[in-house]
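Throughout, read-outs are computed from the coordinates displayed, never taken from laboratory work. Since this is a predicted model, take the numbers as computed values, not measurements. Cβ sites come from the backbone with ideal geometry, for glycine too, and all protein chains shown count toward neighbours.
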Amino acid sequence: MKTLKRERFREYMRATDGDPGRADRLARRYELELSRRAHPFPGCRRALTVLKRRFRLGLVTNGLTRIQHGRLRASRLRGFFESVVTSEGCGIAKPDPRILDVALRELGVAAREAVYVGDDPAVDLPAARGAGVGFVWVDRGRHTLGRHERPRHRVTHLREVEELLI
């Protein structure tokens, strides 16, 4: 993973006639700045507050551990989640369903009792199906569904997740 992160910036520096020797420093700076920024979805705090009263909450992301934990701190949302599983941290990335298995084990929740809420049906839906977990797609208009991607539940606002689950 570290090699990939560095190489991505080396490639950028070469393409822009920059000094590839600066790639490591640029990669570290990029991650630091990204980890300091958070842009929670509208209604996120309210939905998490309502859901936390009734359910154990976990977060599963293909993101980098340092960045995701920084963003959770910046958004002040970390306290809502009993488990935070990153692909970097467990070595598994969605759509591989085993990443959800890690979160389920950490939460002590059976797959049949869980619901995964995600915004990218290309990776979130197959991960949920493979893990035997219900899936709710938060459609923000950024993704189109493929032929075989038919989530049972589709919402456009987190308020609808509350209504669906409670």
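Quick notes
- In the chain, the DSSP-assigned H stretches of four residues or longer account for a calculated mean residue ellipticity at 222 nm of -14000 deg cm²/dmol, using -39500 (n - 2.57) per stretch and the full residue count as denominator.
- Cα pair distances of the chain binned at 5 Å [whole percent]: 1, 8, 15, 18, 20, 16, 9, 7, 4, 2, 0, 0
- Computed label-point distance, nm, for sites R8 and A111 using a 7 Å Cα→Cβ extension: 3.0
- Charge dipole (debye, nearest 20) of the range 75-150; +1 at Cβ of Lys and Arg, -1 at Cβ of Asp and Glu: 140
- Extension gain for R53-E82 works out to 9.2 nm (0.36 nm per residue, less the C-alpha to C-alpha distance).
- Summing Cβ point charges (Lys, Arg +1; Asp, Glu -1) relative to the Cα centre of the chain gives a dipole of roughly 460 debye.
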